[in-house]
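Below: one structure, written as structure tokens.
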Amino acid sequence: MMRELKGKTAVVTGAGSGIGRELALACAREGMGVVLADIDDAGMRETGAAIAALGARAESIRCDVSNPLEVEALAARAWERFGAVHLLFNNAGVAVAGPAWTATLEDWKWTLGINLMGVVHGVRSFVPRMLAQGGECHVVNTASVAGLVDIPGSAVYCVSKHGVVALSECLYHDLRVAKASIGVSVLCPAYVNTGIGDSARNRPTELAATNPLAAPYEEAVRHALLHGKITAADVARVTLEGVKSGRFYILTHEKIKGAIEARMRDILEDRTPTDVSRPVPGAGARG
Ligand SMILES: NC(=O)c1ccc[n+]([C@@H]2O[C@H](COP(=O)([O-])OP(=O)(O)OC[C@H]3O[C@@H](n4cnc5c(N)ncnc54)[C@H](O)[C@@H]3O)[C@@H](O)[C@H]2O)c1
């Protein structure tokens, strides 16, 4: 377990905004050196400036996590600059919405490429180096409650996040079998007011085609994000406490446990899936 973070190095993907920025700042406050990775240079600069103001060391590396070569270069550079990496946050992510049957192939490719394959690339590039380095290390993968429950209008996002939960659980098992001193956590927040509702700001033009029935669902998500009771800074604080105490499932919103239980009961009691979401005004049009 990594009880002491001071003097160690963290790498945070998606560090230019929201939860990633707060994770990077929380690590800096612990006295860690931090490598910031994102495709948003301006966002990374802001995070870097806030870390510098704390008197901590940060380095920004532009990295598209959907590209395995860029993630491999990120890992190589992090070890080159800091000599070691102890804590990896596979956090970068985007969100799309709308019914499953009108989700475009571009929605699937873009979202799975970042949310799921981004984490796959992080595991493939960082874990072997951590194993070779030896000593206590920890990997935190940002999933979501959408990796534990399923709601209308969220097929693409939920598939990506269920994948992150499954990958994290298997990674945990594999590292125990290998008797490795690398811990794993999967971070599963509910709504937090960040830039996620405006994910398309970073969407590549060749993958621009979006679900034609997304609008009411996107509106409902934006509304829920605005009313999120827990801030990105709260999420970061709870996450670092979770790393230090070796928690695997880091759930930041206590209330969500009822929805998780409902899903488990649906499975065990042979029921159809319970809809735990609020109704979406204007949804239900056929496409
Ligand atoms: N905000 C929420 O309500 C919420 C809830 C559950 C899970 N999450 C997850 O938290 C993580 C962080 O999201 P957030 O809410 O802070 O959103 P955000 O939009 O504020 O931050 C996401 C960051 O990821 C970066 N990013 C996007 N595509 C990238 C790519 N290809 N390569 C590298 N970086 C890329 C963005 O530039 C941005 O800086 C995501 O995985 C998201 O799915 C968010």
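Scanning the range 1-45 for residues that are open to solvent by less than 10 Å² (accessible area, probe 1.4 Å), in contact with a Ser or Thr (Cβ under 7 Å, 6 or more places away or on another chain) and either modelled with pLDDT under 95 or in a loop (DSSP other than H, G, I, E, B) (or both) gives ALA15, GLY16, MET32. Against the numbered list (1) open to solvent by 10 Å² or more (accessible area, probe 1.4 Å); (2) more than 15 Å from the ligand (Cβ to nearest atom); (3) touching a strand residue (DSSP E or B) at 6+ places or on another chain (Cβ under 8 Å), ILE182 comes up short only at (1). The residues of the range 52-69 that are over 16 Å from ARG129 (Cβ atoms) and either within 18 Å of the chain's Cα centre (by Cα) or assigned to a helix (DSSP H, G or I) (or both), listed by number, are ALA52, ALA53, ARG62, ASP64, VAL65, SER66, ASN67. Considering the range 46-69 alone, what residues qualify as being under 18 Å from THR142 (Cβ atoms) and open to solvent by 30 Å² or more (accessible area, probe 1.4 Å)? ASP64, SER66 - these are the residues of the range 46-69 that are under 18 Å from THR142 (Cβ atoms) and open to solvent by 30 Å² or more (accessible area, probe 1.4 Å). When TRP101, TRP79, TRP110 are checked against the criterion of being within 22 Å of ALA200 (Cα to Cα), open to solvent by 30 Å² or more (accessible area, probe 1.4 Å) and either aromatic (Phe, Trp, Tyr) or over 13 Å from the mean Cα position of the chain (by Cα) (or both), a single residue qualifies: TRP101. Scan the range 84-96 and tell me whether some residue there is part of a loop (DSSP other than H, G, I, E, B), away from the ligand (no atom under 13 Å from the Cβ), in contact with a Gly (Cβ under 7 Å, 6 or more places away or on another chain) and touching a residue at least 40 places away in the same chain (Cβ under 8 Å). Among the residues of the range 84-96, not one is part of a loop (DSSP other than H, G, I, E, B), away from the ligand (no atom under 13 Å from the Cβ), in contact with a Gly (Cβ under 7 Å, 6 or more places away or on another chain) and touching a residue at least 40 places away in the same chain (Cβ under 8 Å), which makes the answer no. Looking across the range 124-156, the residues that are aliphatic (A, V, I, L, M) and either open to solvent by less than 20 Å² (accessible area, probe 1.4 Å) or under 29 Å from ARG278 (Cβ atoms) (or both) come down to VAL127, MET130, VAL139, VAL140, ALA143, VAL145, ALA146, LEU148, VAL149, ILE151, ALA155, VAL156. Would you confirm, using the coordinates I've provided, whether GLY118 is in contact with a strand residue (DSSP E or B) (Cβ under 7 Å, 6 or more places away or on another chain), within 14 Å of the ligand (Cβ to nearest atom) and not charged (D, E, K, R)? Taking the combined requirement at face value, the residue satisfies it.
The values are calculated or read from the model by the stated rules, or taken from the named source; none is laboratory data. In this text the structure is predicted, and so the values were computed from the model without any measurement. Virtual Cβ from ideal backbone geometry, glycine too; neighbours counted across all protein chains shown. The area values use the complete protein model at the heavy-atom level, side chains included, leaving out ligands, DNA and RNA. Shrake-Rupley method; radii C 1.70, N 1.55, O 1.52, S 1.80 Å.
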